[in-house]
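Everything below concerns the one structure shown next.
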Amino acid sequence: MKAFFLIVTILASTLLPTSGVQSENARRLFSDLILKAGDEDALIDQLAETGDPYVIDLVAAVRIGGLLQDPVTPDKLIISLDNQYAYLLGGETFTGDPASLDKVRASRSLRKKFSRVVSLIELASPDYQARAEAAIKIGASQKEEFLPELRKRIDTQPTNTLKEAFREALSLSLLKNGTDAEKLEAIEALGDLSSVSGRDFLKTAREAYAQDESAKQYLAACDTALKKIESHEKRVEFIGTLFRGLSTGSVLLIVSYGLAITFGLMGVINMAHGEFIAIGAYTVYVVQNQFAKIFEPGTFGFETYFLWSLPFAFLVPAILGALMERGVIRFLYNRPLESLLATWGISMIIQQAIRLIFGAANVQVTTPEWISGSFELFGASMTYNRLAVIIFSVVVIFMTWVLLRRTNLGLQIRATMQNRNMASNLGIPARKINMLTFAYGSGLAGLAGAFLSQIGNVGASMGQAYIVDSFMVVVIGGVGNLVGAAISSMGIGMVDQLLQPVLGPVMGKISVLIAIILFLQWKPGGLFPSRSRSLDD
């Protein structure tokens, strides 16, 4: 849905003129106001109702002398922007001598009303989020002059969320400006709305009521409201922690699934797995730069670069992984120490190669508009890029399950990983299967790097931060068990996010590691210990 609105916005910005249609009504009202072509208060109210942010620019132009009048045609106002002169209505360029123009001077009373319009203009903004934030800001100012505006606008709001925002703003203002009955009602309303913005105001009010023996009813209402807000904050914090845990676990899952195949199924300790993650991320960077040469940043064409980069982020590491298996790994099966040292050396070579090609500094990867920003769920803020990682992790699980369980290639992979000699005797090309399996695991690491490029920095050593955690995921889940890897990655992600706010990032990581060690003492084979003779040659 967000991508659809992005397409519509881009097409609209291409097909419509940039200055005319949307602000024409605001220009006309502003012109009538300056030229006194109607009731001043009514015109002010209509300007505020437009919700057009261009009104703020017009007010600023009046303040700095940018609104001008031609003595020959005084009914046609002229606005000056960046040394360009154009008629306020119509937008035609003024071709006369700018020196002949007079500056428009607004009266003191009109300037005060302009200030009020600037404050109220966003209360009618077409951007619902901006409108809600403006309402809360005005309510928090607790200026009595805004009470009528807040009251009359509550029932006209198109959504329940906006109605609640205006009700919250009105309650904040009534805490100072209302009658005793209205203050009590406002306190209860802020509690019912779980108003985080009103918490400090309620604490201030409570301190005042605590000094008054006759205000016990108000004091009790404040205590009840504050408890509701505190309960709401705890619930929001839990939901946020749950989401962060899911996203962290999803990142671990995508990173570790490739390792679960190369290490869990093939028995190869691949210390260069992190570098395949970096290769995937740098592939996205290269595709982005190529798209930037063809499309302007921000256009629909450029916004699709990330989708086009995903196949390349899989194929490039997969091809390199296949070459690595054919050139090095095939000689090191059943020799874990040698494979560890060899792949560690390869990881150093890849890191240095990346630095020679792209430089030592991190590179900037632009997040597409359709997965940038955030949304709220039950009051907790969640980012679209992390939601995309969670969804993609499900796709990775399904794709790998289909490959291994529903295809002939998957059957051959499982047979070869369980017993290479027996598979070869049955006519399965074991060497080819080994290469394809290693390539698939490397390709998954590249996809992980592609999504990590949308979350964090992209650098030559970015994958090293995930190597230890990925091995822990594979071991905890049970070596060679992909379901176990999925469950353990989510569990580690959840525990990590639950402990970090309490113990801090460093102690949280240490605590998770200690918990894993204790778990392996209890279940050395992990959650789902393998019963097969995976490398029985």
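The values are calculated or read from the model by the stated rules, or taken from the named source; none is laboratory data. Since the model is a prediction, treat every value here as computed from it, not as a measurement. A quick note on method: Cβ atoms are made from the backbone with ideal geometry, for glycine too, and the neighbour counts reach across all protein chains shown.
With ILE413, ILE390, ILE476, ILE397 as the choices, which residue is part of a helix (DSSP H, G or I) and outside the structural domain of SER250 (by TED's automatic domain parsing)?
Going through ILE413, ILE390, ILE476, ILE397 in turn, just one is part of a helix (DSSP H, G or I) and outside the structural domain of SER250 (by TED's automatic domain parsing): ILE476.
With the requirement that a residue be more than 16 Å from ALA260 (Cα to Cα) and β-branched (Val, Ile, Thr), what does the stretch 411-432 give you?
ILE428
So which residues in the stretch 134-159 are within 26 Å of the chain's Cα centre (by Cα) and surrounded by 16 or more Cβ atoms within 10 Å (Cβ to Cβ), if there are any at all?
Listed by number, the residues that qualify are ALA134, ALA135, ILE136.
Looking only at the stretch 42-92, how many residues end up being part of a helix (DSSP H, G or I) and over 40 Å from the mean Cα position of the chain (by Cα)?
Going through the stretch 42-92 one residue at a time, the tally reaches 2.
Please go through the stretch 74-92 and pick out each residue that is polar (S, T, N, Q) and exposed (fewer than 11 other Cβ atoms within 10 Å of the Cβ).
Correct list: ASN83, GLN84.
Here is a check on your reading of the model: is PHE238 surrounded by fewer than 18 Cβ atoms within 10 Å (Cβ to Cβ), of a type in the set (Phe, Trp, Tyr), under 30 Å from MET490 (Cα atoms) and under 26 Å from the mean Cα position of the chain (by Cα)?
Against the criterion (surrounded by fewer than 18 Cβ atoms within 10 Å (Cβ to Cβ), of a type in the set (Phe, Trp, Tyr), under 30 Å from MET490 (Cα atoms) and under 26 Å from the mean Cα position of the chain (by Cα)), PHE238 qualifies.
For the stretch 222-234, name all the residues that are surrounded by fewer than 12 Cβ atoms within 10 Å (Cβ to Cβ) and at pLDDT below 90.
Selection gives LYS234 alone.
Can you find a residue in the stretch 450-470 that is polar (S, T, N, Q), at pLDDT below 85, surrounded by 18 or more Cβ atoms within 10 Å (Cβ to Cβ) and more than 28 Å from ARG355 (Cβ to Cβ)?
No: the stretch 450-470 contains no residue that is polar (S, T, N, Q), at pLDDT below 85, surrounded by 18 or more Cβ atoms within 10 Å (Cβ to Cβ) and more than 28 Å from ARG355 (Cβ to Cβ).
Which residue, of LYS113, LYS163, is of a type in the set (D, E, K, R), in a helix (DSSP H, G or I), surrounded by 12 or more Cβ atoms within 10 Å (Cβ to Cβ) and at pLDDT below 90?
Only one candidate passes the filter, namely LYS113.
Scanning for something surrounded by fewer than 16 Cβ atoms within 10 Å (Cβ to Cβ), at pLDDT below 90 and touching a strand residue (DSSP E or B) at 6+ places or on another chain (Cβ under 9 Å), does the stretch 210-221 turn up at least one residue?
No, the stretch 210-221 contains no residue that is surrounded by fewer than 16 Cβ atoms within 10 Å (Cβ to Cβ), at pLDDT below 90 and touching a strand residue (DSSP E or B) at 6+ places or on another chain (Cβ under 9 Å).
Of the residues THR224, THR248, only one is assigned to a helix (DSSP H, G or I), more than 26 Å from the chain's Cα centre (by Cα) and among the β-branched types (Val, Ile, Thr); which?
Checking each option against the conditions leaves just THR224.
Taking helices (runs of 4 or more DSSP H) that fall entirely within the stretch 277-376, which contain at least 1 residues that are in the same structural domain as THR437 (by TED's automatic domain parsing), of a type in the set (Val, Ile, Thr) and out of contact with any helix residue (DSSP H, G or I) (no Cβ under 8 Å at 6 or more places or on another chain)?
Passing ranges, in order: 336-358.
So ILE329 ticks every box in (1) farther than 19 Å from TYR466 by Cβ; (2) at pLDDT 90 or above; (3) β-branched (Val, Ile, Thr); (4) surrounded by 16 or more Cβ atoms within 10 Å (Cβ to Cβ) but one. Which box is left unticked?
Condition not satisfied by ILE329: (2).
Looking only at the stretch 370-429, which residues are hydroxyl-bearing (Ser, Thr, Tyr) and surrounded by fewer than 17 Cβ atoms within 10 Å (Cβ to Cβ)?
SER372, SER374, SER381, THR407, SER424
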